[in-house]
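The values are calculated or read from the model by the stated rules, or taken from the named source; none is laboratory data. What you see is a predicted model; the values in this text were computed from it and never measured. For neighbour counting, all protein chains shown are included, and Cβ atoms are generated from backbone atoms with ideal geometry for every residue, glycine included.
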Amino acid sequence: MQDTSSFKVIGHRGAAALEPENTLRSFTRAVREGVDAIEFDVQFVDGNVVVLHDDSVDRTSNSSGLASSFSFEGIRELDFGLGERIPTLEEAVDSIPPNVLVNVELKSKNAAIPSLEVLRNFSDREFLVSSFRMSELEIIAKAAINQKNLEIGLLHLGLDRNVFPTATRIGARVIGLCDPFVQVDTVDSVRSRGYELYVFTVNALDRARELKSLGASGVFTDAPDKINSRSLCK
């Protein structure tokens, strides 16, 4: 796996503040801005793994309705902003250079195995698979136990007594926490137990610099034009 000792800037849904989120255009923009990793959300829709955050297409497309109500062909016809179509997981990975870590967040139930089947076609790539859905991460942990190019990330709002036991059970190496719940002792607690801490979603450069100085391993940002390796070093 990639060296996780350095601070990572992770493009949240690509470059969500700059381009239509979770689209190939957004991923390309994030890469251009110099991110170390790209995070996107996947759901299982009509037998295919597609890149989409919400349960419905209302907020992000020119249509409405639950994603699960669409056929694959139907959802592919929608405009997700600036003429962008919904990508498949395979298309998303293909669009991201090999030197950029791919973080796949499992949003829907039953997405784990189909997603893993796609990722296994990219044996030369490195992946972080994360979710708030423990059931999906448990499936990944069992099915990908010998898959050396894949790490598991446990997502949670803040630390509670269940986070570390759960992370241990599913073999997570990364813990992702929501920024308002992250303080100095939070970072210390996570890092002292040997986990990498990624913080979401950080769009203020001063806060990103503070988290870096505290020892966090990286931040998810919608604005990689503002938060990147260049700006963090100034």
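A few remarks follow.
- Residue check, Val163 under 21 Å from Val51 (Cβ atoms) and at pLDDT 95 or above: no
- Per-region count, the range 185-210, residues surrounded by 18 or more Cβ atoms within 10 Å (Cβ to Cβ), of a type in the set (A, V, I, L, M) and closer than 16 Å to Gly11 by Cα: 4
- Scanning the range 166-184 for residues that are among the hydroxyl-bearing types (Ser, Thr, Tyr), assigned to a helix (DSSP H, G or I), loosely packed, with under 14 Cβ neighbours inside 10 Å and at pLDDT 95 or above turns up at least one hit.
- Test result for Val219, surrounded by 17 or more Cβ atoms within 10 Å (Cβ to Cβ), of a type in the set (Val, Ile, Thr) and part of a strand (DSSP E or B): yes
- Within the range 55-93, the residues that satisfy the criterion of being under 19 Å from the mean Cα position of the chain (by Cα), assigned to a helix (DSSP H, G or I) and either modelled with pLDDT under 95 or among the hydrophobic types (A, V, I, L, M, F, W, C) (or both) are Leu89, Ala92, Val93.
- For Val104, the stated conditions hold: it is in contact with a helix residue (DSSP H, G or I) (Cβ under 8 Å, 6 or more places away or on another chain) and either closer than 26 Å to Asn162 by Cα or not hydrophobic (A, V, I, L, M, F, W, C) (or both).
- Within the range 12-44, the set of residues being surrounded by 24 or more Cβ atoms within 10 Å (Cβ to Cβ), of a type in the set (A, V, I, L, M, F, W, C), outside any helix (DSSP H, G or I) and out of contact with any Pro (no Cβ under 6 Å at 6 or more places or on another chain) comprises Ala16, Ile38, Phe40, Val42.
- Residue in the range 127-148 that is under 23 Å from Asn48 (Cβ atoms), polar (S, T, N, Q), modelled with pLDDT of 95 or more and exposed (fewer than 13 other Cβ atoms within 10 Å of the Cβ) present: yes
- Members of the range 152-200 found to be among the charged types (D, E, K, R) and within 17 Å of the chain's Cα centre (by Cα), listed by number: Arg173, Asp179, Glu196
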